[in-house]
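The structure appears below as structure tokens.
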Amino acid sequence: MNAHLQPTGSAYFLTQETQQTERHTLSVLVDNEPGILARVVGLFSARGYNIESLTVSETEHGRRLSRITVVVIATPKTLVQIKLQLERLVPVHRVHDLTAEGNYVERELALIKVKGTGDHRAETLRLADAFRAHIIDATVESFVFEVTGKPDKIDSFIALMTPLGLVEVVRTGLAAIGRGAEGM
Amino acid sequence: MAEKMTGAEMVIQALADQGVEHIFGYPGGAALPIYDAMFQQDFVQHILVRHEQGATHMAEGYARSTGKPGVVLVTSGPGATNAVTGLTDALMDSIPLVCITAQVPTTLIGTDGFQECDTVGITRSCTKHNYLVKDIKDLPRVLHEAFHIATTGRPGPVVVDIPKDIQFAVGEYYKPESETLRHASYRPRVDGDVKAIEAAVDLMLKAERPIFYTGGGVINAGPEASENLRELAELTGFPVTSTLMGLGAFPASNPQWMGMLGMHGTYEANLAMHDCDVMINIGARFDDRITGRVDAFSPNSRKIHVDIDPSSINKIVRVDIPIVGDCNRVLEEMIRIWRSKTNQPRTEAIAPWWKQIETWRAVGSLNFKNSDTVIKPQWAIQRLYEATKKQQKDVFITTEVGQHQMWAAQHFHFDKPNRWMTSGGLGTMGYGLPAAVGVQVAHPDALVIDIAGEASVQMTMQELSTAVQYRLPIKIFILNNERMGMVRQWQDLLHGSRYAHSYSESLPDFVKLAEAYGGKGIRCENPAELDAAIAEMLDYDGPVLFDVIVEKDENCLPMIPSGKPHNEIILPDTANIGSIIDEKGRALV
Ligand SMILES: Cc1ncc(C[n+]2csc(CCOP(=O)(O)OP(=O)(O)O)c2C)c(N)n1
Ligand SMILES: [Mg+2]
């Protein structure tokens, strides 16, 4: 690159990021109105935040409220911004950084298709049992398992199934909720 | 009390109930029912623009100069897309706008219908909030909510997209009441935390090198906020600087005024920011044109930040005392608490600081070499300022974007808020002329001047026709350097003076152009004739396009090149740098 075209020779000053990134789970309570998901996702892409996982569904039909669980990877400074920027959206009621607040449980569900016969099939069933995966579809040469748990449990199950004939996987993304009696 | 009417009638009724007197708009197929409803009433006056971008900037000028929301009405498709620049501009500068966009009928949405575009999708990221109304039952609530959201908290633009069948549909209209406006999730915080304000005052009471760094938030908090700022400044004795957006909130004639800060701010303001021990940021947002290099920004100060938008705090610069709240309310509290602790300004304690500031001031960072053969742009603004001071009228200034904008900020002085309209955050060339139209609509008897560049003004020139149609006597003061001067300056600084496409070639004859539109044209290139030409402009009762031929290659100084700390400012060669700047600094000059 020519010296005069280097980024410092621009109208902007680019600072080096010095903070380490962290993985945080946020729970966002929103009005379930048309376009709300686009607003949230648009905010992330417009401001350059990374989404690891995002789930959304109406949780209180009467009050038309939805809960979005979003997993992000960002520096501590950006995490604060993400929370504040989400709170600026008009239909957003509350944002909780569950990871920062510390006390929460999280689960994900995956459907996993595995193909195989003979020894592989037996081994597949043994492992599925160990992971408390349910068989929700079976043919003579395949299974579809339903497995629920923390994402790393699902990751390990998928890793084990890979050599045994993994065909495909769908995952719901993370659902998370605070522990104890208090609601959001 | 509900009343039956059509959606189109609701739009007009809601505008009337919201106290809207003027709207800026342009008709088209999908908007016709609303235009028809407008035809049959006379509470709301419609200003027909020449391009929808013009309508948005007019509404911005109207809003900024009155404190009331600006209202825009455009048709679907191209009407809406043309409004996008002004919406983004209003979002960046926190200007309250309500923009009603017409949409194709709900049955056609999603079919690529004629003049259909995804208005809510396109404007989602350039509005504070937006709505697509698909049911007539929602329309009255949405219209009132749009005004509420646009004008409260940190103000901004709100779009209401209304399909044509909803405009025809009949429903129950109700007036805005606090009940209907209680929004479930939108609750801006306006009162600052008293403990934090007390901590801030305690810090101010111990300050030895304090500075008030104020911004557009003070203007947005209303004229009272400006009065309170003045009072607090007088109570404390602290120096005051401001961003581009905050000019006028503190009187430029006050001895505590330091001039604007930032990339083209004064030497004293920027050095005081760099060396202060307590910084009190009131309604400014640490924009990159202000901070320069963030890691070298005011390295030894404790920082207080008052902002109504929590996300502005700690976004760029980490602060010690964050205060989320409306600037006016927080200023009132600061005054009350300060008074409860002392009745003395800190004159003695900060005397050495003022002495230091005086030595920086003595540098004369806004000085320039004048000439008697060619008009210097800075001098032209100074002469304009002097001439307007003698006028009996209230004076409002708008600008385009470029060198002329910075010179206007440096050399035109404001003693009151809401008199200065400029595109700060987005830096939109073409803002100033339509903004001046909007200001003049709101203040028919005032003197409204757009300080312009010959390149910028051509972006929205057609709105001169609007000014002529509505007999709005705006003055357009073009500092014509036949260059995109600001671009040329950067090319000199960073790109080896390779002037890629920064000339203004094939310029129109602005005098003839003014006449073609039905306005008056004036040209002046001789410094000796400038005062008389300015007087001629001010005396003319109608729109004037004044082509001031100025020095072509003047640089806008002082300047902090981006990525440099405040103390590496480039000064004009007329500056009295004497003993203040060392060899290294001198090399920069
Ligand atoms: C819509 C738009 N396009 C491009 C720019 C980039 N830009 C900033 S200043 C400038 C030149 C402005 O020239 P002129 O209006 O003549 O003002 P001068 O700097 O000469 O005073 C340009 C092209 C901008 N700010 N806005
Ligand atoms: Mg120019």
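A:His120 versus B:Glu234, label points 7 Å from Cα toward the beta carbon: distance in nm?
8.7
Return the value, in Å² to the nearest 100, of accessible area buried between chains A and B (probe 1.4 Å, both sides summed). Don't skip to the answer; put the middle values down first.
Details: alone 11460 and 23140 Å², together 32580 Å².
Heavy-atom accessible area buried at this interface is about 2000 Å².
Using alpha carbons only, how many angstrom separate the centre of the stretch B:267-293 from the centre of the stretch B:166-191?
40
If you wrap a convex hull around the alpha carbons of the stretch B:417-551, what volume per residue comes out, as a whole number of Å³? Intermediate results must be reported in sequence, preceding the final value.
Values: hull volume 17.1 nm³, N = 135.
Enclosed volume per residue, from the Cα hull, is 127 Å³.
Which residues among the stretch B:1-31 fall inside the zone where the amide N is under 13 Å from a point 7 Å beyond the Cα of B:Gln40, along Cα→Cβ?
In the stretch B:1-31, the label zone of B:Gln40 (backbone N under 13 Å from the point 7 Å along Cα→Cβ) covers B:4-13.
Starting from the Cα of B:Lys164, draw a straight line to each of the lysines and keep only those under 30 Å, dropping any in the same chain fewer than 8 residues away.
Answer for B:Lys164, where 30 Å is the Cα cut-off: B:Lys4, B:Lys68, B:Lys128, B:Lys134, B:Lys137, B:Lys175, listed by chain and number.
How large is the convex hull of the Cα atoms of chain B per residue, expressed in Å³ as a whole number?
On the way: hull volume 94.3 nm³, N = 589.
Looking at chain B, the number lands at 160 Å³ per residue.
Please give the calculated 222 nm ellipticity per residue for the protein assembly as shown, where each DSSP H segment of at least 4 residues contributes -39500 (n - 2.57) and the sum is spread over every residue; nearest 500 deg cm²/dmol? Don't skip to the answer; put the middle values down first.
On the way: 29 runs with 275 residues, N = 773.
Helix-only estimate at 222 nm: -10000 deg cm²/dmol.
Taking the Cβ of B:Ile350 as the center, what net charge do the other residues with Cβ under 13 Å away carry, scoring Lys and Arg +1 and Asp and Glu -1? Could the numbers behind the result be given before it?
Working: positive: B:Lys206, B:Arg209, B:Arg346, B:Lys355; negative: B:Glu208, B:Asp275, B:Asp277, B:Glu348, B:Glu358.
Around B:Ile350, the charge tally is -1.
Hey, got a sec? Which trypsin sites (Lys or Arg not before Pro) in the stretch B:386-445 land in a DSSP loop and have at most 15 other Cβ atoms within 10 Å? List each step's numbers first, then the result.
Working: sites: B:Lys389, B:Lys390, B:Lys393, B:Arg419; in loops: B:Lys390, B:Lys393, B:Arg419.
Here the trypsin sites (Lys or Arg not before Pro) that fit, given the DSSP loop and packing criteria, are B:Lys390, B:Lys393.
Let me see the pair-distance distribution of the stretch B:241-325: every alpha carbon pair, 10 Å bin width, integer percents in order.
18, 54, 27, 1
Can you give the direction-averaged projected area of the convex hull of the alpha-carbon atoms in the stretch A:105-177, in nm²? Display every interim value, and only then the final one.
Values: hull surface 17.4 nm².
Mean orientational projected area (the stretch A:105-177, Cα hull): 4.4 nm².
With a/c under 1.5 counting as rounded, go ahead and sort the stretch B:3-181 into rounded, prolate or oblate using the C-alpha gyration tensor (a ≥ b ≥ c being the square roots of the eigenvalues; past the cut-off, prolate if a/b is larger than b/c, else oblate). Don't jump to the answer; show the numbers that get you there.
Details: a/c = 1.34, a/b = 1.09, b/c = 1.23.
Rounded, since a/c falls under 1.5.
Calculate the length of the line joining the C-alpha centroid of the stretch B:542-576 to that of the stretch A:112-184, in whole Å.
67
Mean projection of the alpha-carbon convex hull of the stretch B:263-416 over all orientations, in nm²?
Values: hull surface 49.8 nm².
It is 12.4 nm².
I'd like the FRET efficiency for A:Leu37 and B:Val190, computed as 1/(1 + (r/R0)^6) with the beta carbon distance as r and R0 of 25 Å, rounded to 0.05. Numbers along the way, then the final one.
Details: r = 30 Å, r/R0 = 1.20.
So the FRET efficiency works out to roughly 0.25.
Taking the Cβ of B:Cys524 as the centre, find all other residues whose Cβ is under 12 Å away and add up their charges (Lys, Arg: +1; Asp, Glu: -1). Could you put the intermediate results ahead of the total?
Working: positive: B:Arg383, B:Arg523; negative: B:Glu525, B:Glu529, B:Asp531, B:Glu536, B:Asp547.
Value of the local net charge: -3.
Would you work out if the stretch B:346-483 is rounded, prolate or oblate? Take a ≥ b ≥ c from the square roots of the eigenvalues of the alpha-carbon gyration tensor; rounded if a/c is under 1.5, else prolate when a/b is larger than b/c, oblate otherwise.
On the way: a/c = 2.12, a/b = 1.64, b/c = 1.29.
In terms of gyration-tensor shape, prolate.
Using Cα pairs under 8 angstrom and six or more residues apart, how large is the relative contact order of chain B, in percent? Walk me through the intermediate numbers first.
Working: 1317 pairs, mean separation 83.1, N = 589.
14 percent.
Calculate the FRET efficiency for A:Asn50 and A:Asp152 from the Cβ-Cβ distance with a Förster distance of 25 Å, rounded to the nearest 0.05. Working shown, then result.
Numbers: r = 19 Å, r/R0 = 0.76.
Calculated value: 0.85.
Does the stretch B:365-446 come out rounded, prolate or oblate by the C-alpha gyration tensor, with a ≥ b ≥ c the root eigenvalues, rounded set by a/c under 1.5 and, if not, prolate when a/b is larger than b/c and oblate if not? Mind dumping the intermediate values first?
Values: a/c = 2.04, a/b = 1.32, b/c = 1.55.
Cα axes put the stretch B:365-446 in the oblate bin.
Report relative contact order for the stretch B:377-549 in percent, whole number only (criteria: Cα-Cα under 8 Å, sequence separation at least 6).
On the way: 324 pairs, mean separation 38.0, N = 173.
Result for the stretch B:377-549 is 22 percent.
Just need the relative contact order of the stretch B:131-220 here, percent rounded to a whole number, with Cα pairs under 8 Å and 6+ apart. Display every interim value, and only then the final one.
Working: 53 pairs, mean separation 26.3, N = 90.
Once normalised by length, the contact order is 29 percent.
So how tilted is helix A:76-88 from the main axis of chain A? Cα-based, degrees 0 to 90, rounded to 10.
Relative to chain A, helix A:76-88 is tipped by roughly 80 degrees.
Looking at the stretch A:64-99, which trypsin sites (Lys or Arg not before Pro) are DSSP coil and have at most 10 other C-beta atoms within 10 Å of their C-beta?
Details: sites: A:Arg64, A:Arg67, A:Lys77, A:Lys83, A:Arg88, A:Arg94; in loops: A:Arg64.
Sites meeting the loop and neighbour criteria: none at all.
Determine the dipole magnitude for the protein assembly as shown: charges of +1 sit on the beta-carbon of Lys and Arg, -1 on that of Asp and Glu, nothing else is charged, the reference point is the Cα centre, and the result goes in debye to the nearest 20.
On the way: 73 positive and 94 negative charges, 265 e Å.
With only Lys, Arg, Asp and Glu charged at Cβ, the dipole is about 1280 debye.
At what distance in nm do the modelled label points of B:Ser253 and A:Thr75 sit from each other, each positioned 7 Å from its Cα along Cα→Cβ?
4.7
How big is the protein assembly as shown in terms of Cα radius of gyration and Dmax, in angstroms?
My reading of the Cα-based Rg and Dmax gives 29.4, 102 Å.
Which value, in Å³ per residue, describes the convex hull spanned by the Cα atoms of the stretch B:191-283? List each step's numbers first, then the result.
Numbers: hull volume 8.7 nm³, N = 93.
Hull volume normalised by residue count: 93 Å³.
Taking the alpha-carbon distance from B:Lys552 and a cut-off under 16 Å, which aspartates and glutamates remain once sequence neighbours fewer than 8 residues away in the same chain are dropped?
Filter leaves B:Asp372, B:Glu454, B:Glu482, B:Asp492, B:Glu505, B:Glu525.
The values are calculated or read from the model by the stated rules, or taken from the named source; none is laboratory data. It should be emphasised that the depicted structure is a prediction, and the values quoted were computed from it without experimental measurement. Note: ideal-geometry Cβ built from the backbone for every residue, glycine included; neighbour counts use all protein chains shown. Ligands, DNA and RNA are excluded from the accessible area calculation, which covers all protein heavy atoms including side chains. Shrake-Rupley method; radii C 1.70, N 1.55, O 1.52, S 1.80 Å.
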